[in-house]
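See below for the structure under consideration.
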Amino acid sequence: MGKYRDFIFKPYGAVRNGKKLEHFIQLPFVRALIAGKGMVCVFFVLSGFVLSYSSLRKVNDPDRSNKQEKTGNRDDLLTSVSSMTLRRAIRLFGPMLALAFITAFVTYYVPWGNIDHEAPNIFAHLYKFWLSSVTVMDPYHWARLRPLPRHFGQAWTLGVEYRLSLVMFLMIATTATLSTVGRKFVVIFVAAWSVYCNRRWDVACAMGGMMLAELRFAPLSDDISRLLNRPLRLSKWLTIVPAVFCVIFGILLCSWPEDMPAGAQPYRSLWELTPLTWRPDSGHGSPEPVGGWVWWWGTIGAFMLLWGLEQLPLLQKVLSISFLKYLGEISYAYYLLQGLGYTHVGDPIYEVLQARYGWSKNSAFALAYIVGNIFNIIASDYFWRVIDESFIRLARFVVVEWLGVGKQPGSRSRSGPGSAVGYTLVPIAAPTANDDRFESDNTAVQEDDITFKEGFDDVNIGEEVRHGRDL
């Protein structure tokens with residue numbers, strides 16, 4: 001999309017240099033998918049949902065009411081939080097380090113694309129990539145989101161995601177013994193306070209996801225029923241109509257333009273509601289990769305979008321078709337490899353078609369975009385099966401077998417970190433949950449070992465939780 005950067009981030013209908021901008025990719029619902037920033041907010045909200053889902057299911061379980069069952073429930077919760085915390089870094093950063101290694105060799109030896117020969121030898125080149133990775137893996141780097149790591153700039157979200165994970169695990173442990181009303185209050189307070197104190201929209205996104213998970217097990221209607229001391233029955237239309245509105249309006253907010261943010265309607269009217277500290281002329285600077293208003297409205301839009309999807313089972317079924325599930329499986333690998341796909345496949349094709357064959361900009365871009373994405377999908381499939389899945393098993397093996405988290409006394413693992421499910425190089429259908437996994441893997445610990453991808457997967461999270469992984 002870099003070839004269209006000069007206008008892709010501007011709103012449809014805005015006037016620039018006396019010319020009205022009316023390109024297809026400037027439409028809000030198209031830009032929300034391709035511009036990326038709004039989808040980052042969706043990912044962080046969805047991440048908070050997935051990471052807290054199983055733990056909140058335990059603490060809200062109505063079947064465990066007596067003291068003994070509650071004690072066992074809390075033990076399971078403590079084991080789950082310990083397991084998720086220890087595995088998180090391996091699951092997130094293992095594939096990223098593999099990508100850094102691959103990218104170092106590609107950018108040093110492949111004679112086209114983004115060649116980098118600044119280092120005197122390959123070992124110094126690899127060390128430079130290691131330093132870039134350390135920037136991402138630093139859990140104490142809270143002050144600002146810059147500088148972005150060199151060579152694979154999209155990995156900046158992984159460092160943020162890891163810190164958000166630690167916040168989520170702390171929140172889960174802190175609120176586990178609270179009532180559902182108390183837990184909702186604390187979650188809302190933390191989200192609001194993080195935004196007010198330091199513009200931590202990322203923390204607000206994660207808290208929004210935790211709130212969505214809590215609402216799944218303890219809806220507001222239940223709280224109101226207890227307050228009124230009588231059951232509250234709502235018409236389904238009182239849920240469906242607001243849900244549809246939230247999905248549509250949420251996508252609109254996630255598409256907020258990075259340039260000319262008040263250049264056209266409906267953004268011009270909503271711009272008056274943007275807090276002054278999140279505007280470009282606020283004098284507060286910008287700790288984010290782009291203007292603060294994008295993240296402010298993206299956070300609100302992401303929460304509205306996912307809340308609406310939670311209320312619309314039919315739309316969830318549409319998003320749960322096999323092909324979209326498969327894209328969800330490879331989405332983390334795709335996210336990591338997108339940089340190489342652009343610099344060494346898409347962009348070289350674009351340059352050759354224009355310089356040597358005289359293709360128009362749009363035609364050359366279209367073919368390069370299609371070929372580049374085909375390459376990314378195929379490469380992501382291999383990366384997912386060979387590298388991504390291997391780190392899932394490695395994280396499980398290290399935490400359960402080596403560190404003994406959740407391991408039953410006297411039990412023996414039937415698999416090591418090298419054991420693997422059967423691999424098919426090019427899948428023709430979405431993988432099913434727990435393919436070729438042992439029944440002994442279905443422990444309380446594995447129940448919380450959730451795979452979560454970089455990107456918007458289908459919203460049928462109940463099935464995703466049962467996948468038994470934990471990015």
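Just so it is clear, none of the values below were taken in a lab; they were calculated from the coordinates. Remember, it's a predicted structure, so these values are computed and weren't measured experimentally. Neighbour counts are summed over all protein chains in view; Cβ atoms, including those assigned to glycine, are modelled from backbone coordinates with ideal geometry.
Can you tell me, using C-alpha contacts under 8 Å and at least 6 residues apart, the relative contact order of segment 171-211 as a whole percent?
Numbers: 26 pairs, mean separation 14.3, N = 41.
Relative contact order comes out at 35 percent.
Considering amide H positions built from the backbone, and no H for Pro or chain starts, which residues 5 or more places from ARG16, or on another chain, come under 5 Å of its amide H?
LEU21
So which of LYS20/LYS361; LYS128/LYS407; LYS58/LYS325; LYS236/LYS317; LYS10/LYS361; LYS37/LYS317 end up more than 28 Å apart, counting from Cα to Cα?
With Cα atoms farther than 28 Å apart: LYS128/LYS407.
Based on other C-beta atoms within 10 Å, arrange ILE374, ILE349 from fewest to most.
Lowest to highest Cβ neighbour count: ILE374, ILE349.
Through the Karplus equation 6.51 cos²θ - 1.76 cosθ + 1.60, θ set to phi - 60°, convert the phi angles of segment 198-209 into ³J(HN,Hα) values in whole Hz; use x for Gly and Pro.
Listing the rounded values in order: 9, 6, 7, 4, 5, 5, 4, 4, 4, 5, x, x Hz.
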